[in-house]
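Novice: Dropping the structure in here first, questions after.
Just so it is clear, none of the values below were taken in a lab; they were calculated from the coordinates. Source: prediction; values computed, not measured. Positions of Cβ are backbone-derived with ideal geometry, glycine not excepted, and every protein chain shown enters the neighbour counts.
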Amino acid sequence: MRKFNWLGLILATACTGLAGAQETAVKLPDIGSSAASAMSPREMKAYGASMLHEMRAYNYVLDDPLVSDYLQDLGYRLVSYSDRPDLEFTFFVVRSNDINAFAAPGGYIGVNVGLINAMSSEDELAAVIAHEIAHVTQQHLLRAFEDSKKSTIPIALAMLGALVASAGRSDDASQAALMSGISLIQQRAINFTRYDEIEADRVGIQTLTRAGYEPLAMAETFATMQRVMRVNGVDVPEFLRTHPVDVNRIADAKARAVQLHKSQPLRGAIALNQPTKAVLPGHSGLDLSFPGAASKRDTEGSVPGAADANAFVLMKERARTLAADSANSILRYYSDELEREARPSVANRYGHALALVRARQPRTAIAEFKHLTEDFPDNLTFMLGLAHAEDQAGQKDSAFSRYQRLNTNYPGNRAIVLAYTDALLAREESESARRAQDLLRPLIGRYADDPELQHSFARASELAGEPIRAAEAYAEWAYLNGRVEDALNQLKALSSKPELTYYQRARVEARITAMTPAVLDIRKSERRQPDADGARENAQLSLCPQQQCLDLSRRRNIAPLQ
């Protein structure tokens, strides 16, 4: 089994122990609950950010600007209609084919590529994200954290470290590392209550409806998961069934959706200027077409499958292609899909073009992208794909001109800016580098957690003759990729340089002060004596030696979708 396939299992296992060993379904009040003091907002943010950085260190995060911005926009649209629109959230994509999503402290919500692929509409994906948002807004994570006594998650994350360390050896080694810790968690899973999951379903459906999505999508999402499990013959271990997706949960979601339809049937549709959506009797799917997705050509019938050219469908295929283990295997997948279709869908055409770029066949990809841009001349995704294919094919002038036009028409777009600055930096000229700096500087403040922006800015500063600023950005890049101690050492070395100005030194010292507690926490965790239980000791000793500063057994709290 590939190492990425274990991630969802570990996260779900962690949740079974964490999400609460309460045996009674009693709602804890928000005011006066000791859970509210279990972690401060600052601590929660720090834990969630550290988790994301560590996942990046092991290449578990898909940091594609198009997919990331799509998910972030979708997530914040839901947050704005939630009970706590004031909370800060970070949505990110996990490189895992498991069908799962999870919420972590500080409003960090991860969505697996496998879950995105399993969803048939944006409404279904929105239902999952609304569910995870509800876990945060209803303080389920804090209550679970209080109950766990900080014991279960360190074990689960030590298991993750053991799996990463054993990934280069054998599947048996990986499985042994995983199973060594499960016995410590399994008993807690037996007593797991379903109350928080049911509450997250109900609050999520309300958020979904307010945001203009189909409330029945929550029930359809559960049904989709059941169908996928039946088709694939998935045998889920009992400790992962503490919150089963059963007929009762589906029925409850449907009943609540029907009630919301009666009480506010047009609220979301009017807000989005879109028609209401009907479900045909006996039909297992929902008519959840993206508003305004079909082009004029589609309505005239000249471009088959044009209704597939919506953001959800395209980002679904993009995530599938970029997260695939092998460029050749994903290319074969799309070739087979296109052969099976009498009229090739836009989604598969786009996925095939991306797969061609991944497989280093850019000239063939250019032809496909040109057909797509002719059918959809205003589609940013296709135009950017064409420029990338031209760049890879060596058509530098054409690609550069296209990037320039895109940047003029869509100023401040992260995907365009990153692609455009790559083309500028490829020239290795100081003037082009300064232009890249100007493009990147405003985005760094808006996307503070984007390592690619920091890396591009570091390279631009280097070429522009600003070594101090380049060193700062390289340190931030290392920090965001989980190399905390490396980043701190870089900054300390930089602070010793006599040529730093007053403002440069103040900026560097401020970052040193901010990073030092995280490094001290890591070192403290490394010195901590392992538990008497041999299983946990083995898991801790298996942590990868080349990442001495990374100890995954720090305090975390991850609640996956059940």
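Novice: So if I take the centroid of the Cα atoms in segment 203-226 and the same for segment 53-128, what is the distance between those two points in Å?
Specialist: Spelled out, the Cα-based centre of one part sits 16 Å from the other.
Novice: Also: Just want the ordering: Glu452, Glu43, from fewest to most Cβ atoms lying within 10 Å of their own Cβ. Mind showing how you got there, number by number?
Specialist: Details: Glu452 18, Glu43 13.
Ordered from fewest to most neighbouring Cβ atoms within 10 Å, Glu452, Glu43 come out as Glu43, Glu452.
Novice: Further question on the same structure: Cut-off is 10 Å between beta-carbons; in what order do His388, His455, His371, His135 appear when sorted fewest neighbours first? If you can, show how the numbers build up before the last one.
Specialist: Values: His388 24, His455 18, His371 14, His135 27.
Ranking His388, His455, His371, His135 by Cβ neighbours within 10 Å, fewest first, gives His371, His455, His388, His135.
Novice: How would Ile133, Ile444 line up from fewest to most surrounding beta-carbon atoms within 10 angstrom?
Specialist: On the way: Ile133 30, Ile444 15.
Final ranking by Cβ density, sparse to dense: Ile444, Ile133.
Novice: Quickly rank 81-93, 206-218 as a protection proxy: mean count of other C-beta atoms within 10 Å, highest first.
Specialist: Numbers: 81-93: 17.4, 206-218: 25.0.
Sorting 81-93, 206-218 by mean packing, highest first, produces 206-218, 81-93.
Novice: Further question: Per residue and in Å³, how big is the convex hull formed by the alpha-carbon atoms of segment 308-524? Walk me through the intermediate numbers first.
Specialist: Details: hull volume 31.0 nm³, N = 217.
Looking at segment 308-524, the number lands at 143 Å³ per residue.
Novice: Under 1.5 on a/c is rounded, so check that first for segment 335-404, then, if it is not, pick prolate when a/b is larger than b/c and oblate when it is not; a ≥ b ≥ c are the square roots of the alpha carbon gyration tensor eigenvalues.
Specialist: Working: a/c = 2.87, a/b = 1.54, b/c = 1.87.
Verdict is oblate for segment 335-404.
Novice: By how many nm would the segment from Glu339 to Asp521 lengthen if fully extended, with 0.36 nm per residue of separation less the alpha-carbon distance? Don't skip to the answer; put the middle values down first.
Specialist: Working: separation 182, 0.36 × 182 = 65.52 nm, distance 5.44 nm.
Difference between extended and current length: 60.1 nm.
Novice: Using θ = phi - 60° and the Karplus form 6.51 cos²θ - 1.76 cosθ + 1.60, what ³J(HN,Hα) does each residue of segment 434-444 get, whole Hz, x for Gly and Pro?
Specialist: Running phi through 6.51 cos²θ - 1.76 cosθ + 1.60 with θ = phi - 60° gives 5, 5, 5, 4, 4, 6, 7, 3, x, 7, 4 Hz.
Novice: Separate question: Given H placed on each backbone N at 1.01 Å, which residues far from Thr90 in sequence or on other chains put an amide H within less than 5 Å of it?
Specialist: Hits under the 5 Å cutoff: Tyr108, Ile109.
Novice: Output the pairs from Lys396/Lys492; Lys492/Lys524; Lys316/Lys524 with a Cα-Cα distance over 31 Å in this structure; if there are none, say none. Intermediate values should be presented prior to the final figure.
Specialist: Details: Lys396/Lys492 40 Å; Lys492/Lys524 20 Å; Lys316/Lys524 41 Å.
Beyond 31 Å between Cα atoms: Lys396/Lys492; Lys316/Lys524.
Novice: Let me make sure I get this right: for segment 391-474, a, b and c are the square roots of the gyration tensor eigenvalues over alpha carbons, sorted descending. Under 1.5 in a/c it's rounded, otherwise prolate if a/b > b/c, else oblate. Which is it?
Specialist: On the way: a/c = 2.02, a/b = 1.32, b/c = 1.53.
Oblate, because a/c is 1.5 or more while a/b does not exceed b/c.
Novice: Let's test the formula: R0 of 45 Å, r as the Cβ-Cβ distance of Asn117 and Ser401. What FRET efficiency results, to the nearest 0.05?
Specialist: Working: r = 35 Å, r/R0 = 0.77.
With a Förster radius of 45 Å, E is 0.80.
Novice: With Cβ to Cβ distances under 13 Å as the rule, what net charge do the other residues near Val508 carry (K, R +1; D, E -1)? Could the numbers behind the result be given before it?
Specialist: Details: positive: Arg469, Lys492, Lys497, Arg505, Arg507, Arg511; negative: Glu472, Glu476, Glu499, Glu509.
Value of the local net charge: +2.
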